[in-house]
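Novice: Dropping the structure in here first, questions after.
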Amino acid sequence: MPEHKLEARIRAKAAELGFAACGIARADAAPRAGERLREWLAEGRHGGMIWMEERAHHRSSPRDLWPAVRSVIALGMSYAPAADPLALAGEGGVGRISVYAQGGDYHDVVKRQLKAMGRWLAQEAGCDLPFDLKVFVDTAPVMEKPLAEAAGLGWQGKHTNLVSRSEGSWLFLGAIYTTLDLEGDAPGRDLCGSCDRCQRACPTAAFPAPYQLDARRCISYLTIEHRGPIPVEFRAAIGNRIYGCDDCLAVCPWNRFAQAAAANRAFAPRAELAAPELADLLALDDAGFRQVFAGSPIKRIGRDRMVRNAAVAAGNSGEPALAGPVARLLDDPAPEVRGAAVWALGRLDRARWAVEQEGRMAGEDDVEVRVEWVG
């Protein structure tokens, strides 16, 4: 594409603003997205995400949201991790936070650059081509992944997330809707082949089939979107995950091409979020929660859901020393926290018994496990 063309200049500006991927799709380039969404909703696989139902008519296609749109500029910002996302699996005393939430809030970072892109575009093309545009990142009824695939950024893999040949599974997506009549790119081509690593990696069997997700079984949904108590059948499988899950993304072979150096610095892990101590999380009140998670996407779930998640992780930890902090939650005002605490104490009691038995079998009859119980 000649460099003087507007489409080429859009790609160059996107790279200048820190976007690792940029593509263009016509507004009608993902015709099956709405049909698939309606099928997914009809099967109830969205769980308690009622907003998906309420604005499904707007989400089905760009023109259902904004009839004047003619083109979509799809953009991706890398958050490729420098460390192995699965490194803390089995570390009982700490919680695992999904890679995307360990740094700055992507909503703020991506939207700021989308707005900068929009201002540039208004200056670049506005004098000769009167037009309008709107920018979106995650919070609007926009089907970012099908549109990104239609714009050639990658393809929706068997885990239903976007996969890029160059950035792997680590892209935050944003979109600019515009009335400009831009030339679209070739759509992404599915390169999953026979690989099913993401399907096999899921701890809760959230994929009823390749390219299908049942959110009600997904650990990301259960620890972030789900209100109230986490269903008992999934608690053990959650392990020490306290916010989200990276398993299906982390095992994708295409990640070997992703470069952590390309990630926006705003998404670098904060020290207190890279491996938070469960004991500290269990002790959080509302003010403490707001202080720890200020500027983080985690702040939107609130203190009660975070402490609920930490209690479940404590129950899976095998660490009898966490029984005291958990027991202090038995009188918590939030019923989901109290319920998780009761469940966790039952698990920790068995863990304490196992430690005592191990000590006796080793001939250490004087072994003592100090656990403070409440009630």
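The values are calculated or read from the model by the stated rules, or taken from the named source; none is laboratory data. Model, not experiment: these values are computed from the prediction. Quick reminder, even Gly has a Cβ in these numbers, built from the backbone with ideal geometry, and neighbours come from all protein chains shown.
Novice: If residue 215 satisfies every condition in (1) within 23 Å of residue 52 (Cα to Cα); (2) without any contact (Cβ under 8 Å) to a residue 60 or more places away in the chain; (3) out of contact with any Pro (no Cβ under 9 Å at 6 or more places or on another chain); (4) not assigned by TED's automatic domain parsing to the domain that holds residue 326 but one, which is the exception?
Specialist: Single failed check for residue 215: (2).
Novice: How about segment 246-256: which of its residues are out of contact with any strand residue (DSSP E or B) (no Cβ under 6 Å at 6 or more places or on another chain), assigned to a helix (DSSP H, G or I) and either not acidic (Asp, Glu) or not assigned by TED's automatic domain parsing to the domain that holds residue 97 (or both)?
Specialist: If the condition is that a residue be out of contact with any strand residue (DSSP E or B) (no Cβ under 6 Å at 6 or more places or on another chain), assigned to a helix (DSSP H, G or I) and either not acidic (Asp, Glu) or not assigned by TED's automatic domain parsing to the domain that holds residue 97 (or both), then 248, 249, 250, 253, 256 are the ones that fit.
Novice: Here's a follow-up. Applying the selection to segment 218-243, what residues are farther than 23 Å from residue 43 by Cα and in contact (Cβ under 8 Å) with a residue 40 or more places away in the chain?
Specialist: Result: 235, 236, 238, 239, 240, 241, 242, 243.
Novice: Taking residue 305 and the conditions (1) in contact with an Asp or Glu (Cβ under 8 Å, 6 or more places away or on another chain); (2) surrounded by fewer than 24 Cβ atoms within 10 Å (Cβ to Cβ); (3) not acidic (Asp, Glu), which numbered condition does it fall short on, given that it satisfies the others?
Specialist: (2)
Novice: Sticking with this one: Please verify whether residue 92 is in contact with an Asp or Glu (Cβ under 7 Å, 6 or more places away or on another chain), within 30 Å of residue 282 (Cβ to Cβ) and small (Gly, Ala, Ser), treating the condition exactly as stated.
Specialist: Answer is yes for this residue.
Novice: Does residue 115 qualify as being farther than 30 Å from residue 38 by Cα and not in a strand (DSSP E or B)?
Specialist: yes
Novice: Considering only helices (runs of 4 or more DSSP H) fully contained in segment 120-239, which possess at least 1 residues that are surrounded by fewer than 19 Cβ atoms within 10 Å (Cβ to Cβ) and at pLDDT 95 or above?
Specialist: It comes to 197-201, 232-238.
Novice: If you don't mind, there's one more thing I want to ask. Which numbered condition in (1) modelled with pLDDT of 95 or more; (2) surrounded by 15 or more Cβ atoms within 10 Å (Cβ to Cβ) is the only one that residue 262 fails?
Specialist: The single condition residue 262 does not satisfy is (1).
Novice: Go through the residues of segment 15-35 one by one and say whether even a single one is loosely packed, with under 15 Cβ neighbours inside 10 Å, assigned by TED's automatic domain parsing to the domain that holds residue 217, of a type in the set (Lys, Arg) and part of a helix (DSSP H, G or I).
Specialist: The answer is no, given that none of the residues of segment 15-35 is loosely packed, with under 15 Cβ neighbours inside 10 Å, assigned by TED's automatic domain parsing to the domain that holds residue 217, of a type in the set (Lys, Arg) and part of a helix (DSSP H, G or I).
Novice: Out of all the residues in segment 85-99, is one or more assigned to a helix (DSSP H, G or I) and assigned by TED's automatic domain parsing to the domain that holds residue 267?
Specialist: The answer is yes, given that some residue of segment 85-99 is assigned to a helix (DSSP H, G or I) and assigned by TED's automatic domain parsing to the domain that holds residue 267.
Novice: Residue under question is residue 313, and the condition is that it be closer than 15 Å to residue 92 by Cβ, small (Gly, Ala, Ser) and touching a Leu at 6+ places or on another chain (Cβ under 9 Å); does it hold?
Specialist: When the stated conditions are applied, residue 313 passes them.
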